[in-house]
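Read through the structure below, which is laid out as structure tokens, and then see the notes.
Rule-based calculations on the coordinates, nothing more; no lab input. Given the structure is predicted, the values throughout are model-derived calculations rather than measurements. Neighbour counts run over all protein chains shown; Cβ positions are idealised from the backbone, glycine included.
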Amino acid sequence: MFTTKDPLGRNVVLKASTWNVHIVKGHNEMYKQENLVRKVIERPAFILKDRDSDDRDNYFDLCHHPKNGSLSILKVVVEFSDSTGDVVTAYPIKNTITQATTVRGVVYERP
């Protein structure tokens, strides 16, 4: 699908198999929204350490979903090995209290 860089200069890859088999199949509101995922990776409001996995970072930003005209916070989960990350999942979140925690650390905050 695409390879891009996050604000920390790390390569992040979204594979077609992840997009089609996991993301769109499990979150149909993400259909044809791969550009939103790229935007959140390239210019997130926050990157937070994952609550459960040391290898994963969670990217967050407020996004406009042209499909339904709504605003929501998009969460993109990226798993890193060395300096390259693979998108694991991406979806709009409804409850920021449980989905976004700074307990394990803030990796990045947009200036």
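Overview of results
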item: Glu29-Ser83 FRET efficiency (beta carbon distance; Förster radius 22 Å; 0.05 resolution); result: 0.10
item: Within the chain: Cβ-based charge dipole about Cα centre, in debye rounded to nearest 20 (Lys, Arg +1; Asp, Glu -1); result: 380 debye
item: For Ala45, residues with placed amide H under 5 Å, excluding near neighbours; result: Phe60, Asp61, Leu62
item: Ranking of Tyr59, Tyr31, Tyr108 by count of other Cβ atoms within 10 Å, fewest first; result: Tyr31, Tyr108, Tyr59
item: Net charge contributed by nearby residues that have their C-beta within less than 11 Å of Tyr91 (K/R +1, D/E -1); result: +1
item: Exposure proxy ranking, count of Cβ atoms within 10 Å, fewest first, for Asp54, Asp86; result: Asp54, Asp86
item: Theoretical ellipticity at 222 nm over the chain - DSSP helices of four or more residues, -39500 (n - 2.57) apiece, nearest 500; result: -3000 deg cm²/dmol
item: Residue order, fewest to most beta carbons within 10 Å, for Arg110, Arg38; result: Arg110, Arg38
item: Other-chain or far-sequence residues with amide H under 5 Å of Gln33's (modelled H); result: none
item: Cut-off under 5 Å, modelled amide H: who pairs with Lys15 long-range; result: Val87
